[in-house]
Amino acid sequence: MDFVQLFLLLVVFLLICGIIAVVIIYITSAPYPDLSRHEEEKYYVDPNKSDAKQPFPSLHDPASIDLSVIVPAYNEEDRLPVMLNEALEYLQDRQKEKPNFRYEVIVVDDGSTDKTTEVALLYSQKYGTDKVRVLTFVSNRGKGGAVRLGMFSARGQLLLFADADAATTFSDIKKLETEVKRIDKQEDHLAIVCGSRAHLQNEAVAKRSLFRTFLMYGFHIVVWLFGVRGIKDTQCGFKLLTRPAAQIVFSNLHVEKWAFDVDLLHIARHLNMAIGEVAVNWQEIEGSKMVPLLSWLQMGKDLILIWLRYRIGAWKIDPKLKAQ
């Protein structure tokens, strides 16, 4: 057997393996996401009323306040107070300037093993549960799962999700709100605005090692090839959505781990939602749960699988799908 025959056999073998892998992925993939939640995750605790349990509202109810801020948190007892202090100071000052402005902050404890819930409940006690609520998961779901259920429990006309590390200057929400007003021209009010760190890329390259810079550019290439084109920074944890957009996007979101942002934006693009991107002030904060090499490799694999599952029809998008 000569070299050409061996090469052809190898190609045929790899092709068969690829077909088998695609078939397995198709068969094992649920076309629509599981939107169920544990019974205990349907309630929040009011520490000012002897820890009485109160039911969360539904995202599919009409909005009753102006803004909901969703904060996914996993083992964030140390970093969470910095973020909440900054956010609540800004929101309180804004309410003083405009008394009719109403807001809420929902901290979603994603199955933490530390005192994240206890720390967050101190803010519920201080500000009241009309302003600060805590959703505690029975077990870890992942950042995307935490943001999704936080959104499903929110009352706001506009909904922001913001990382618990306070890496993004919270007052930059004003920029996102301005952009939402600019792009929200559709009758169905489907709009999303992404905070972006793309303008900081040159500075990041100067500070990072050659290896981490290589990983960063490699991940960007994978996002461009298999993710969402036209958005310079898909992964910034500072995004603002209109209520109708959040209802549809999070009811169709399949990914519950780190790569959920790409799934979110893919769904938005597929449904022709208005998408904006604005620069925000951002700084790297110690204590990240991401391990650069392992996390980026995992996210790269997830991006390829997201692309493949939608491409072969294993995952579907239904604009009428709603959480139960």
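The values are calculated or read from the model by the stated rules, or taken from the named source; none is laboratory data. This one's a predicted model, so the numbers in the text were calculated from it and none came from an experiment. Neighbour counts run over all protein chains shown; Cβ positions are idealised from the backbone, glycine included. Calculation scope for accessible area: heavy atoms of the full protein, side chains included, ligands and nucleic acids excluded. Shrake-Rupley method; radii C 1.70, N 1.55, O 1.52, S 1.80 Å.
Points worth noting:
- Contacts under 7 angstrom Cβ, first residue in segment 165-183 being on the phi < 0 side of the Ramachandran plot and free of Cβ contacts under 8 Å to residues at least 60 places away in the same chain, partner open to solvent by less than 40 Å² (accessible area, probe 1.4 Å) and of a type in the set (D, E, K, R), 6 or more apart: none
- Listed by first and then second residue, the pairs with beta-carbon distance under 7 Å, at least 6 apart or on different chains, first residue in segment 193-205 and more than 15 Å from PHE161 (Cβ to Cβ), second in a helix (DSSP H, G or I) and at pLDDT below 75, are VAL205/THR213.
- Residue match in segment 90-108 (condition: at pLDDT below 95, out of contact with any strand residue (DSSP E or B) (no Cβ under 7 Å at 6 or more places or on another chain) and exposed (fewer than 11 other Cβ atoms within 10 Å of the Cβ)): no
- Looking across segment 284-324 at every residue that is among the acidic types (Asp, Glu) and open to solvent by 50 Å² or more (accessible area, probe 1.4 Å), the one that is modelled with the lowest pLDDT is identified as GLU286.
- Considering only residues in segment 34-45 that are out of contact with any helix residue (DSSP H, G or I) (no Cβ under 7 Å at 6 or more places or on another chain) and of a type outside the set (S, T, N, Q), the one that is least open to solvent (accessible area, probe 1.4 Å) turns out to be TYR44.
- Restricting VAL71, VAL82 to residues that are under 21 Å from the mean Cα position of the chain (by Cα), over 18 Å from GLN247 (Cα atoms) and touching a residue at least 24 places away in the same chain (Cβ under 8 Å) narrows the list to VAL82.
- Test: residue in segment 24-46 that is of a type outside the set (Ser, Thr, Tyr), part of a helix (DSSP H, G or I) and more than 26 Å from LYS257 (Cβ to Cβ): no
- Filtering segment 256-273 to residues that are buried (at least 20 other Cβ atoms within 10 Å of the Cβ) and not in a helix (DSSP H, G or I) leaves GLU256, ALA259, MET273.
- Residue check, LEU253 open to solvent by less than 10 Å² (accessible area, probe 1.4 Å) and closer than 19 Å to GLY195 by Cα: no
- Any hit, segment 195-211, residues being on the phi < 0 side of the Ramachandran plot, modelled with pLDDT of 85 or more and in contact with a Lys or Arg (Cβ under 9 Å, 6 or more places away or on another chain): yes
- The set of residues in segment 215-236 being buried (at least 21 other Cβ atoms within 10 Å of the Cβ) and either touching a Pro at 6+ places or on another chain (Cβ under 7 Å) or among the small types (Gly, Ala, Ser) (or both) consists of GLY227 alone.
- Scan of segment 116-168 for residues that are in contact with a Leu (Cβ under 7 Å, 6 or more places away or on another chain), within 18 Å of LEU91 (Cα to Cα), outside any strand (DSSP E or B) and open to solvent by less than 20 Å² (accessible area, probe 1.4 Å), ordered by number: ALA120, ALA154, ALA164
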